[in-house]
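The values are calculated or read from the model by the stated rules, or taken from the named source; none is laboratory data. This is a predicted model, so every value here is computed, not measured. Here Cβ is always computed from backbone atoms with ideal geometry, including for glycine, and neighbour counts include all displayed protein chains.
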Amino acid sequence: MGPVDPIPQEPKLPAVRLWIWLVLLAVVAGLYFTLQKTSKTEQDWTQMPEGEKPPDAYIEGFHLVSTIRGVKQWELYSRTARLYQDRKQAYVDDVYVEYFKDGKISSTLTSDKGVIQTETHDTVAQGHVELIAENGAKLETDKLQWDGANESIRTESRVHIYKGADEITAVGMVSDAKLNNIKFKNDVHTKVRDVHEIEKFDKPKPF
């Protein structure tokens, strides 16, 4: 009786190939968690938090003065403030800000809420943002960022500006806080208002 042929078996994945697949799986998983962490870390700081942990401090009647090399840039008042030390941010509600130039108030701002970078003192105002310059010019938008290093305001949102007899709408702009040097970005429209439509923009008062 001759030798018996072995029973054929299902081919098995070579150990080397299995090891490669495991390494690839680990790399993909590592990239995923890295991207998730990076996304969370680099999240736009100008966005208000949703469902976040309780703040490190909650303050009513918040007041903050921002200076660079001893020169006052702005003075902020808000109804409430929530401070987060890990993010170095403060979230404020019912906001009033005075911007200064050469020791004098150059413009004032009111908004529903805002975010302050407590290290750089850069800020963003959100919700019914209204900035009124001392020369009577007025800016309305829904989001406005202050860049302390350049002493400028900027936004990517739609803006509505009243300046003398001019009424200007646009999407996106960069300007100084006095609204003297404005650079509009897109969709710019201008019309001349009747002299009787020109309002007197009184400075908002702190609450």
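Numbers at a glance
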read-out: Unmet requirement for Arg69, which otherwise passes all of (1) under 16 Å from Asp122 (Cα atoms); (2) at pLDDT below 95; (3) touching a strand residue (DSSP E or B) at 6+ places or on another chain (Cβ under 9 Å); value: (3)
read-out: Selection from the range 98-112 of residues that are more than 11 Å from Ile132 (Cβ to Cβ), touching a strand residue (DSSP E or B) at 6+ places or on another chain (Cβ under 8 Å) and assigned to a strand (DSSP E or B); value: Phe100, Ser111, Asp112
read-out: Answer residue from the range 95-112, given it is among the small types (Gly, Ala, Ser) and without any contact (Cβ under 8 Å) to a residue 60 or more places away in the chain and is surrounded by the most Cβ atoms within 10 Å (Cβ to Cβ) among those; value: Ser111
read-out: Subset tally (residues that are part of a strand (DSSP E or B), touching a residue at least 40 places away in the same chain (Cβ under 8 Å) and under 19 Å from the mean Cα position of the chain (by Cα)) for the range 67-94; value: 7
read-out: Residues of the range 164-187 satisfying the condition of being closer than 24 Å to Gly103 by Cβ and not hydrophobic (A, V, I, L, M, F, W, C); value: Ser175, Asp176, Lys178, Asn180, Asn181
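Here's the yes/no breakdown for (1) surrounded by 15 or more Cβ atoms within 10 Å (Cβ to Cβ); (2) in a strand (DSSP E or B); (3) within 21 Å of the chain's Cα centre (by Cα); (4) of a type in the set (Lys, Arg):
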| residue | (1), (2), (3), (4) |
| --- | --- |
| Ile116 | yes, yes, yes, no |
| His121 | yes, no, yes, no |
| Glu130 | yes, yes, yes, no |
| Gly136 | yes, no, no, no |
| Val188 | no, yes, no, no |
